[in-house]
Amino acid sequence: MQLLVCLLLTVPVLSQSVDLTELKKVKLSGGLSVNTLYNSYNPTGADPLSYFVSGNVNVQALGTTIPVTLSYSSRKFTYSQPFSYNQIGIHPTYKWATAHIGMSNMTFSPYSLSGHQFSGVGFDLAPGRWKISTMYGRLVKAQEATETTPAAFQRTGMGFRVGWQGDKLRGGVTTFYARDNPNSVTIPVRPDTAAPFEQPTPLANLVVGINFGATLFNFLQFDVEYTNSVLERNRTITAKGALTAPAALLWHPNATAESYGAVKSTLNAVMKRTNTVIGVGYERVDPNYLTLGGYFFTNDFTNVTLNFSQPFWGGKINSSGSIGVQWDDLKNVKTSSQRRLVGNLNVIATPSPRLNLSASYSSFQAYTFINNSIQNITRLSPLEQIDTLNFTQITQNASLNAVYQLRTTESNVQSLMANVTLMGVANKQGDMVRRGQLSEIFNGTVSYSYGLPRQALTLTTGVNVMDSYISRNRFNSVGPTVGLNKAFLNNTLLAALTSSYLYATAETSTSEITNARLTLNYTALQRHNFTFLLASLWQSTQLTATGNFITATLGYTTRF
């Protein structure tokens, strides 16, 4: 904590004279959005009618911009943590300084403060080559335990990040501290055998990180980042711990503390003569890595990647791709471990002004190794064969897109588009793919567009075909789609009507799905926008009667 306070005190404070005549030059700008939604399909029993309101106001004076944002909804959201949809935040900006007041979120690093919402104050400063960020506020609001949700302590956090960007060198340090208030919940928090969950304990967390980068020989770029997170699992324990991690040396946590590390590095070579980029990356995150500055963290893995990009034929063909391997169970303590091999290739080609092509392919292979201790113990002879429990999941995706301009004139525009997607998934046990462990999906779309620019009219029609085989069950569907777009009243009123029909067959049943959608968009005085959307869905199968579901949306948006 002493280090964090010292860093906060080192933030530069600058002063500037104010011209009082500028006080008259105050500008207001912003917007307001109101949307009402009706949904006839509501299996949860909630109110089918709901509304959403959001707005922002920007105040500009003395070279300073102060944006204020507000959002509100009548819909009730169910959540397990006390985070609110309704919020207000102010973000004033003056030259290279920006403040965040109220409800905000900031990101220092993927391994420390990473987009967590907080209620408080923060600053982003960028004087010259420096970038400085700091924040303080409430991360989580206190919440009493109920029959369906556990209690939540009030959590407060503070952080500081400073970085420097030079021509060939760059670097920075990050620190973040957060803790729960054990007295913020009036009801004693304890494990309750009658509850479907265990009540939490108050946590505390200190994260320190450092990053460094350099550009070598004018074509090599190297970057490395290391972060250490020390987490107290129960900050009410008084016994001191004995961790020697970098964050623990600055904090001296108690005996419940655990230390985690994360490292990420990249090395890229940029060859300007051929416009070739080749890079290699390495990332490792310890098992159970966690900080209180984020919502979700992927941990217990090592990832090594190789990527490239290369143009051909004077830039008419651009290719890029990557290949990587990832494995988990870094401490070899899990009953099963995985190794994943990932590769992808993307090609974009423009052989002529009328033809655009793009193709992509990706392959994902996950290897799972089961540590079967029971069979190892009960095996009578070391020569006895053990049934293989090593699984391989293979996923492959391939897609091809083509757009061909049949005609392009001032009075007539015609184009033909095609898309084909293939996906296959297989589970191998040993060297065998068992029945029911293979899935294949084919999806193809062909569409034709006919436009009359002078009449502001566009007609689109197409056909969609899908054939899938999933776990020994085959499913097919085919159906047309028709769309009509028209502008009226000097392009102030835009109308769109689309309809689609789908005939689907399965092993033992057939179904028919019809969808119709009407969209109206009207702009008045260039600032007021009204939107109306009406959608209807009819669905019938051999086993159930026809069902009709309606959704309607009415919205208003204005800018000033």
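The values are calculated or read from the model by the stated rules, or taken from the named source; none is laboratory data. Only a predicted model underlies this, so the values are computations on that prediction, with no experimental measurement involved. Backbone-built Cβ (ideal geometry, glycine too); neighbour counts: all protein chains shown. These accessible areas exclude ligands, DNA and RNA; they are computed on the full protein's heavy atoms, side chains included. Shrake-Rupley method; radii C 1.70, N 1.55, O 1.52, S 1.80 Å.
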Can you pull the accessible area of Met466 for me, 1.4 Å probe, Å² to the nearest 10? 50
Estimate the FRET efficiency between Val59 and Trp96 by the formula 1/(1 + (r/R0)^6), using the beta-carbon distance for r and 22 Å for R0, to the nearest 0.05. 0.70
If a/c stays under 1.5 just call it rounded; otherwise compare a/b with b/c (prolate if a/b is bigger, oblate if not). Do that for the stretch 102-143, with a ≥ b ≥ c from the square roots of the Cα gyration tensor eigenvalues. oblate
Once normalised by the length of the stretch 219-319, the mean sequence separation of its alpha carbon contacts under 8 Å that are 6 or more apart gives a contact order in percent of 24
Excluding Arg155 itself, what net charge comes from residues whose Cβ is under 14 Å from its Cβ, given Lys and Arg +1 and Asp and Glu -1? +2
Accessible surface of Asp167 in the full protein assembly, 1.4 angstrom probe, to the nearest 10 Å²? 130
Kindly sort Ser259, Ser71 by accessible area of their heavy atoms, largest first, with the probe set to 1.4 Å. Ser259, Ser71
Hz values of 3J(HN,Hα) by residue in the stretch 408-425 - Karplus curve (6.51, -1.76, 1.60), Gly and Pro given as x: 9, 9, 5, 10, 8, 10, 10, 8, 10, 10, 9, 9, 10, 10, 10, 9, x, 10
Of Glu232, Glu144, ordered by accessible area with the largest first and a 1.4 Å probe, the sequence is Glu144, Glu232
Tell me, what is the 1.4 Å probe accessible area of Ile101, in Å² to the nearest 10? 80
Rounded to the nearest 0.05, what FRET efficiency do Ser500 and Arg454 give with R0 = 41 Å and r taken as the Cβ-Cβ distance? Could you check? 0.90
Got a sec? Charge dipole of the stretch 198-339, +1 on Cβ for Lys and Arg, -1 for Asp and Glu; which of Val277, Gly293, Leu203 is way out at the positive end? Val277
Order the following by accessible area, largest value first: Trp251, Trp538. Probe radius 1.4 Å; ligands, DNA and RNA are ignored. Trp538, Trp251
Neighbours of Leu250 by Cβ distance under 15 Å: Lys/Arg at +1, Asp/Glu at -1, summed charge +1
Once the other residues with Cβ under 15 Å from the Cβ of Gln455 are scored (Lys, Arg +1; Asp, Glu -1), what is the net sum? +1
How large, in percent, is the carbon and sulfur part of the accessible surface of the stretch 225-362 at a probe radius of 1.4 Å? 60
Test of understanding: what is the full-extension gain from Ser411 to Thr350, defined as 0.36 nm times their sequence separation minus their Cα-Cα distance? 19.5 nm
